[in-house]
Amino acid sequence: MTSTSSTWGRLRQHLHTTQLLGGIHSTLYFDQNTAMPAAAAGWRGEQLALLAQQLHERQTSAAYQELLAGAEQELTPEAPAEQHHNLRLLKRELARQSRLDPALVGALAQAQAEGYSRWQEAKQRSNFQLFAPALERLIALRLKQAQQLAPVEAQADGSPRSPWEILAQPFEPDINKQQLAQWLLPLRDLLPPLLEQARSLPAGSSEPWDLSEPQQEELCSALLEGWGFNPERCLRARSPHPFSCTLGPDDFRITTRVVAGQPFSAFLATAHEWGHSLYEQGLPRTGEHWFPWPLGEATSMAVHESQSLFYENRLGRSQAMARRWHPRFRSALGRDVWGDAQAFWRDLNPIRAGLTRVEADEVSYGLHVLLRYELELALVEGGMPVAELPDAWNRGMQELLGVRPANDAEGCLQDVHWSEGLFGYFPSYALGHLISAQLSETLEAELGPIETLLAADGDAQLGAWLQQRVYPLGRSVNAAELVEQVSGRPLSHEPFGHYLRQKLEHLAS
């Protein structure tokens with residue numbers, strides 16, 4: 001069925017070539033974020049725009065449409081369910097891509113490259129006005145994109161999606177604002193009392209401390225080595241904003257950053273990004289129905305985030321890991337500012353309202369995401385002028401977290417996502433917390449407490465469970481379906497709330 005002489009074989013070869021071009025696009029993106037000199041931004045924008053247009057042309061060409069039509073004719077009712085599912089996903093993406101004006105695709109790619117460059121400068125100088133024109137252009141282009149996609153993005157019941165919901169589909173297939181209200185709005189009531197409760201937690205270290213960049217890099221490398229980092233397939237670099245990037249079936253990249261005065265930042269960011277990368281490495285990339293077919297792709301960004309948060313929080317911030325790493329941090333520092341592993345664990349889990357999302361604890365993190373989600377809706381659907389964003393951000397921080405940024409760099413310029421027009425992305429972060437908690441409950445019901453397994457050096461056993469139960473599903477399901485399939489019940493905020501309350505109790509002891 002998949003020989004190169006058959007329509008399905010030629011379709012597979014077409015998808016393989018498309019994956020190659022996508023890998024080149026990702027390679028240029030990785031370089032842009034890690035090593036590219038600032039003056040190259042304009043040329044890189046043209047490169048990315050050209051590749052984006054070529055990819056769009058491949059995904060909408062008459063030859064490709066003929067391949068899909070021929071594959072559908074060859075498909076019999078008796079064919080494997082995976083083939084039927086792959087064809088549905090490919091036809092859905094063709095419908096999306098065919099609605100997009102190629103000129104818009106190129107303009108978006110160029111605006112993203114320019115937006116990233118403007119954002120870097122604006123953040124460095126803490127001046128939102130330097131970035132505002134680029135953001136206005138990105139919003140206008142994304143709204144045009146949503147308008148073009150509207151006819152093919154109806155919900156399952158036939159009702160239209162809002163512009164924001166349309167833009168969110170590539171990150172969270174089938175998501176709508178009603179579901180988000182059900183899953184995320186309870187966090188407004190759940191999290192603030194827990195933040196208040198955390199104010200009475202005992203202190204961690206007895207004095208301020210920090211580690212040099214080489215020391216932090218060494219600790220990060222040791223963490224990755226213990227979790228199976230293979231330098232023949234993986235690479236770690238530095239970037240202004242940590243991220244994970246897959247450039248090919250055997251080319252997995254992550255980045256981290258060292259933040260002065262925050263010696264756990266790089267360590268925990270490394271754990272987080274490695275969770276992303278392990279998920280990518282574990283996706284089904286063998287078998288005739290998976291790579292390069294869409295079923296072999298990630299389920300959604302929320303599921304992606306659940307995997308990174310599992311490694312960062314359930315493993316990296318665990319008591320067992322604190323006992324394991326306390327001696328190594330003590331040795332790197334040259335003295336013990338904690339006295340015992342319990343105090344070190346409290347330092348790993350400083351639960352308090354702060355200004356920065358990527359440095360936020362597990363309790364306050366969801367409030368950061370709620371703010372960004374509400375502001376996105378205001379910008380994309382509510383007609384809020386871009387010029388009002390800094391003040392709206394500061395008011396929201398005061399209302400949700402009780403803190404107020406002193407400048408734009410601490411405030412609305414802290415995240416990279418809007419510089420690339422990634423509207424619809426932020427809720428995936430909060431959903432990732434909910435999914436991670438619910439999957440962890442299921443894991444513990446089957447294997448036993450995570451803390452017990454880690455204390456017995458069972459890291460690999462935990463990873464193997466995810467490789468068996470979560471990674472292989474790929475795009476055969478959406479995020480909500482994956483959670484229900486693995487845990488046996490619908491996605492809810494309740495396991496996350498239970499986990500946080502239990503953790504606060506242990507931190508207080």
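The values are calculated or read from the model by the stated rules, or taken from the named source; none is laboratory data. Keep in mind that what you see is a predicted model, and the values were worked out from it rather than measured. Please note: Cβ atoms are built from the backbone with ideal geometry, for glycine as well, and neighbour counts cover all protein chains shown.
One table, with the values for the structure above:
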| quantity | calculated |
| --- | --- |
| Residue count for segment 429-451, restricted to those that are without any contact (Cβ under 8 Å) to a residue 60 or more places away in the chain and either touching a Phe, Trp or Tyr at 6+ places or on another chain (Cβ under 8 Å) or of a type outside the set (A, V, I, L, M, F, W, C) (or both) | 9 |
| Answer residue from segment 472-488, given it is under 15 Å from Gly432 (Cβ atoms) and touching a residue at least 60 places away in the same chain (Cβ under 8 Å) and is nearest to the chain's Cα centre (by Cα) among those | Ala479 |
| Failed criterion for Ser436 (all others in (1) under 17 Å from Pro163 (Cα atoms); (2) crowded, with 22+ Cβ neighbours inside 10 Å hold) | (1) |
| Verdict on Gly488 being in the same structural domain as Ser300 (by TED's automatic domain parsing) and more than 23 Å from Pro294 (Cα to Cα) | yes |
| The one condition in (1) closer than 26 Å to Leu187 by Cβ; (2) of a type outside the set (Lys, Arg); (3) surrounded by fewer than 18 Cβ atoms within 10 Å (Cβ to Cβ) that Ala302 fails to fulfil | (3) |
| Test for Glu297: is it within 30 Å of Trp8 (Cβ to Cβ), of a type in the set (D, E, K, R), in contact (Cβ under 8 Å) with a residue 12 or more places away in the chain and surrounded by fewer than 22 Cβ atoms within 10 Å (Cβ to Cβ) | yes |
| Subset of segment 331-349 (residues that are part of a loop (DSSP other than H, G, I, E, B) and surrounded by fewer than 16 Cβ atoms within 10 Å (Cβ to Cβ)) | Gly334, Arg335, Gly339, Asp340 |
| Segment 98-109 residues that are under 15 Å from Leu149 (Cα atoms), paired with ones that are small (Gly, Ala, Ser) (beta carbon under 7 Å, 6 or more apart) | Val105/Ala52; Leu108/Gly421 |
| Qualifying residue in segment 452-472 (condition: touching a helix residue (DSSP H, G or I) at 6+ places or on another chain (Cβ under 7 Å) and in a loop (DSSP other than H, G, I, E, B)) | yes |
| Subset of segment 212-234 [under 28 Å from Met36 (Cβ atoms), buried (at least 17 other Cβ atoms within 10 Å of the Cβ) and not acidic (Asp, Glu)] | Gln215, Gln216, Leu219, Cys220, Leu223, Leu224, Phe229, Cys234 |
| Residue check for Leu28: farther than 25 Å from Asn86 by Cβ and modelled with pLDDT of 95 or more | yes |
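For (1) of a type in the set (Ser, Thr, Tyr); (2) outside the structural domain of Gln120 (by TED's automatic domain parsing); (3) surrounded by fewer than 20 Cβ atoms within 10 Å (Cβ to Cβ); (4) in a loop (DSSP other than H, G, I, E, B), each residue gets a yes or a no:
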| residue | (1), (2), (3), (4) |
| --- | --- |
| Glu374 | no, yes, yes, no |
| Leu389 | no, yes, no, no |
| Asn394 | no, yes, yes, no |
| Met397 | no, yes, no, no |
| Asn407 | no, yes, yes, yes |
| Cys412 | no, yes, no, yes |
